[in-house]
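Right, one structure below, let's go through it.
The values are calculated or read from the model by the stated rules, or taken from the named source; none is laboratory data. Computed from a prediction, not measured in an experiment: that's the story for all the values here. Neighbour counts run over all protein chains shown; Cβ positions are idealised from the backbone, glycine included. These accessible areas exclude ligands, DNA and RNA; they are computed on the full protein's heavy atoms, side chains included. Shrake-Rupley method; radii C 1.70, N 1.55, O 1.52, S 1.80 Å.
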Amino acid sequence: MSRKTPTLLVFSGGTGTPKLLIGLKNVFDEAALSVIVNTAEDVWVSGNLVCPDIDSVLYALSGRIDEERWWGVKGDTFTTHEALKKLGYVEVLKIGDSDRATHILRSELLRAGKSLTEATRILAERLGVRAKVIPMTDDRVETFIHTTKGAMHFQEFWVLWKGEPEVLSVEFRGVDAATPSAAFQEELRRASTVLIGPSNPITSIGPILRLRGVREALKNKFVVAVSPIIGRKAVSGPAAKLMRACGYEASAFGVLKCYADFLDALIVDTRDDVVGSAREINGVKILATDTIMRDVKSCERLARFILNIIEAKD
Ligand code: GDP
């Protein structure tokens, strides 16, 4: 089923929002989706630029994503990664061969002078993705986690250190000098509604919101977010730990606080025992439903729930 509705602007990190995009693609018009994607976790590996969140969005929308890990390509092989290991070169990220092909093409396009926006558009087209997938910026922004073991790139913190060190603060290096990509600015001008998917509010949505003018622009729009936190725990990943380190309660209430200056509605899980029974907090509508996306049906169900909220506000 496809329903014809105006463009929907979605802010995305990895895992949670790509799952939701699978649902939205099936119950909405994919070509009417514009997805702004976090790039602050991007990292150069073995000569190629890995964009974990852009890749997850592209793979989710093209039906390629590895649904066990929620990153990389389903059924991928690791021949190059293993061959490098035999040569004594150990890559921090275990990159699959097909996944690496995406990184190679992206990096060749960048080396040929294309912007990340343009490289992403070309990749999306070649993977058969009809939604607009737009990097938040064409400038370099890098997330560094300051810990008791020292400052480290987000990927080093999460992959090498398994998220274990105590976190002191989070830094988005380069963000003050960065501007939202031209395509992002254009979408932001046009959109009347923005959906913030269930992604890490600190390290995935945080960098998007830190770009110049974004928070201000959101104040004039209907903004609905899905909480990636249920009760006091993230469904996956380090969101709860990072929220606490940045002074937010690790709960849907903390998520609401992260977006307090522009949020109109927050979707929380029916199992949530922190805010699940509230109807409204600080002027933000609270709407409860099953937000766990375990299969395509549950992704579609959540997507429909959100579309109904958006349609009801008009
Ligand atoms: P990271 O994994 O923390 O680096 O952040 P991402 O932005 O990639 O997104 C992962 C977020 O998605 C986590 O905070 C998860 O809690 C959330 N998430 C993953 N799957 C689901 C789901 O099925 N439902 C909800 N509500 N959140 C989810």
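Things worth noting here:
- Meets criteria (at negative phi and crowded, with 22+ Cβ neighbours inside 10 Å) for Leu188: no
- Number of positions in segment 123-138 that are open to solvent by less than 70 Å² (accessible area, probe 1.4 Å) and over 17 Å from Thr39 (Cα atoms): 4
- Top-ranked residue of segment 214-234 - restricted to ones that are in contact (Cβ under 8 Å) with a residue 40 or more places away in the chain and more than 16 Å from Ala252 (Cα to Cα), ranked as least open to solvent (accessible area, probe 1.4 Å): Leu218
- Counting only strands (runs of 3 or more DSSP E) that fall entirely inside segment 67-184 and contain at least 3 residues that are of a type outside the set (A, V, I, L, M, F, W, C), the qualifying elements are 142-147, 167-173.
- Selected residue (criterion: least open to solvent (accessible area, probe 1.4 Å)) from residues of segment 49-80 that are touching a Gly at 6+ places or on another chain (Cβ under 8 Å) and over 19 Å from Gly14 (Cα atoms): Phe78
- The residue of segment 81-109 that is farthest from Trp44 (Cα to Cα), among those that are over 22 Å from the mean Cα position of the chain (by Cα) and open to solvent by less than 60 Å² (accessible area, probe 1.4 Å), is Ala83.
- Taking every residue in segment 4-25 that is farther than 19 Å from Val50 by Cβ and pairing it with any residue that is of a type in the set (D, E, K, R) and not in a helix (DSSP H, G or I), at least 6 positions away or on another chain, the pairs with Cβ-Cβ distances below 6 Å are Lys4/Asp29.
- Of all residues in segment 8-44, those that are in contact with a helix residue (DSSP H, G or I) (Cβ under 9 Å, 6 or more places away or on another chain) and surrounded by fewer than 17 Cβ atoms within 10 Å (Cβ to Cβ) total 3.
- Count of segment 279-294 residues, restricted to those that are outside any loop (DSSP other than H, G, I, E, B) and away from the ligand (no atom under 12 Å from the Cβ), is 6.
- Residues of segment 235-262 satisfying the condition of being buried (at least 20 other Cβ atoms within 10 Å of the Cβ), under 15 Å from the mean Cα position of the chain (by Cα) and over 13 Å from Ile196 (Cα atoms): Gly237, Pro238, Ala239
- Where a residue in segment 85-112 is closer than 23 Å to Asp138 by Cβ and at pLDDT below 95 and its partner, wherever it lies, is aliphatic (A, V, I, L, M) and part of a helix (DSSP H, G or I), with Cβ under 9 Å and at least six apart: Leu93/Val159
- Check on Arg271, open to solvent by 60 Å² or more (accessible area, probe 1.4 Å), on the phi < 0 side of the Ramachandran plot, without any contact (Cβ under 8 Å) to a residue 60 or more places away in the chain and charged (D, E, K, R): yes
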